[in-house]
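Contents: one structure, followed by commentary.
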Amino acid sequence: MKPPKSAKPAFLPAPLCPLWFRFLLALLAAASFSATACSKGNPAPAMGPFGNPEPPAQAKTEPGLSIADPPVSPAPLPQIDAKRAFQYTREVTAFGERYIGNENHKKLEHYILDHLKGDQVEDDAFTADTVEGKFPVRNIIAKFPGKKDGIIAILGHYDTNYPLRNTGYVGANDGGSSTAILLEFANQLRGKTRDGYSVWLVWTDGEEAVKTWTATDSLYGTRHLAEKWEKDGTLKKIKALMVMDMIGAQDVNVLRDTNSTPWLLDLIHSAAERGGYQSHFYDLQFGEDDDHIPFVQRGVPCADVISVPYGYNDVFHHTPQDTMDKLSPKSLEIVGNTILETIHLLDQR
Ligand code: ZN
């Protein structure tokens, strides 16, 4: 991602909910109206591209009970194995610098492919022409089929910053955490055909600029993939696309990215609430340039799931201080479980 230029606080405190208004709502509920308003400052029910609003929270009709009680959970929250995901991050980071074209990058490609043995895997490999010369770029796609017609795509880049080569930069969070969480998602998805949509995991390559971030020096892998998927008709089948980037930091707080699709951001927030993780989402709001942009530009519903700043004043971002000691398995759990739950919410649409 491009380092953020500005950050401004986004969310106001939850709207006040005076007692008289709650009483009025309770009366309405008793009269068999369903209502969800005013309980926790939740965003309005998201309207998806399929035209279905979120199912309303179950309103209790017994007198004396508040309708502000949370809805009964329909199923247990899905759980990733956060320890294993953290171990993957450690192993990926241990390869050292993994910028496009270098030896460690090759080793990491094999590492990813080893973990996907038996899965349906596809390559999107090409040569990128950059201001620093030509480089091999390889997006790795693992497909987990579903019974429902449509695709949920989850992306995360595995290359590390090129200009920081030979500085000891290892990109534990920026490159490491995204690679690892996708490997853990694969563990959760493989097995039988999903009841919902197909899920495609994409380890993207060449996300980083080779010199200075511009529209043409960045996002090499996803610009290529978006064009390819536009031509072959894949884009039309994508119901939602989510990018994982820098999600491992101890104080993880996912940005509300204004370049992303609002209803999908709201759906992710609903999923986070189910796990009690909502305090780790959307403290900040601004527009981020990341792997989702080439798909946003083509009308795909997208969310960039990224935690910035990384360290106070973004001090660990794109520096040799981006190391494992800044990360936590708990952060991978927060984001991982939230995204798995988001997939389930998308399946129901
Ligand atoms: Zn980066």
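Which FRET efficiency, nearest 0.05, do Asp129 and Ala75 yield, Cβ-Cβ r, R0 51 Å?
Details: r = 48 Å, r/R0 = 0.95.
It comes to 0.60.
How big is the dipole moment of region 82-347 about its Cα centre under a simple scheme where the beta carbon of each Lys and Arg is +1, that of each Asp and Glu is -1, and everything else is neutral? Debye, nearest 20, please. Walk me through the intermediate numbers first.
Working: 28 positive and 40 negative charges, 175 e Å.
Result for region 82-347 is approximately 840 debye, rounded to the nearest 20.
Taking square-rooted eigenvalues a ≥ b ≥ c of the alpha carbon gyration tensor, is region 248-349 rounded, prolate or oblate, where a/c under 1.5 means rounded and, failing that, a/b exceeding b/c means prolate? Mind dumping the intermediate values first?
On the way: a/c = 2.09, a/b = 1.30, b/c = 1.61.
Oblate is the answer for region 248-349, as a/c is 1.5 or above yet b/c matches or exceeds a/b.
Please state the charge dipole magnitude for region 233-303, taken about the Cα centre, from unit charges on C-beta atoms (+1 on K and R, -1 on D and E), reported in debye and rounded to the nearest 20.
Rounded to the nearest 20 debye, it is 520 debye.
Is the shape of region 89-143 rounded, prolate or oblate, going by the alpha carbon gyration tensor and its root eigenvalues a ≥ b ≥ c, with a/c under 1.5 for rounded and a/b larger than b/c for prolate?
Details: a/c = 3.17, a/b = 1.26, b/c = 2.51.
Here region 89-143 falls in the oblate category.
Is the C-alpha gyration tensor of region 82-347 telling us rounded, prolate or oblate? Criteria: a/c under 1.5 is rounded; beyond that, a/b larger than b/c is prolate, otherwise oblate. Please list the in-between numbers first.
On the way: a/c = 1.32, a/b = 1.12, b/c = 1.18.
Taking the square roots of the gyration eigenvalues as a ≥ b ≥ c, region 82-347 is rounded.
Mind ranking 84-95, 108-119 by how tightly packed they are, going by the mean number of other C-beta atoms within 10 angstrom, highest first?
Details: 84-95: 19.9, 108-119: 14.8.
The densest-packed peptide leads the list: 84-95, 108-119.
Please work out the C-alpha center-to-center distance from region 83-104 to region 225-275 and express it in whole Å.
Between the Cα centres of region 83-104 and region 225-275 lies a distance of 23 Å.
Under 23 Å from the Cα of Lys83, which lysines turn up, not counting those fewer than eight places away in the same chain?
Leaving aside lysines fewer than 8 places away in the same chain, those within reach of Lys83 are Lys107, Lys117, Lys326, Lys330.
State which entries of Lys134/Lys231; Lys148/Lys236; Lys2/Lys106 exceed 22 angstrom in Cα-Cα distance in the structure shown.
Details: Lys134/Lys231 24 Å; Lys148/Lys236 14 Å; Lys2/Lys106 24 Å.
Beyond 22 Å: Lys134/Lys231; Lys2/Lys106.
Could you compute Rg(Cα) / (2.2 N^0.38 Å) for region 230-279, with N its residue count? Please list the in-between numbers first.
Working: Rg = 13.6 Å, N = 50, 2.2 N^0.38 = 9.7 Å.
Output field value: 1.40.
Tell me, how many Å apart are the Cα centres for region 305-328 and for region 142-174?
17
Measuring from label point to label point, each 7 Å out along Cα→Cβ, what is the Leu113 to Lys228 span in nm?
It works out to 1.4 nm between the two label points.
Work out the P(r) tail for region 295-345: percent of alpha carbon pairs separated by more than 12 Å, whole number.
The calculated P(r) of region 295-345 puts 75 percent of pairs beyond 12 Å.
Bear in mind that the values in this text are calculations on the coordinates, not laboratory data. Everything numeric here is computed off the predicted structure, so don't read it as measured data. Ideal geometry is used to build each Cβ from the backbone, glycine not excepted, and the neighbour counts take in all protein chains shown.
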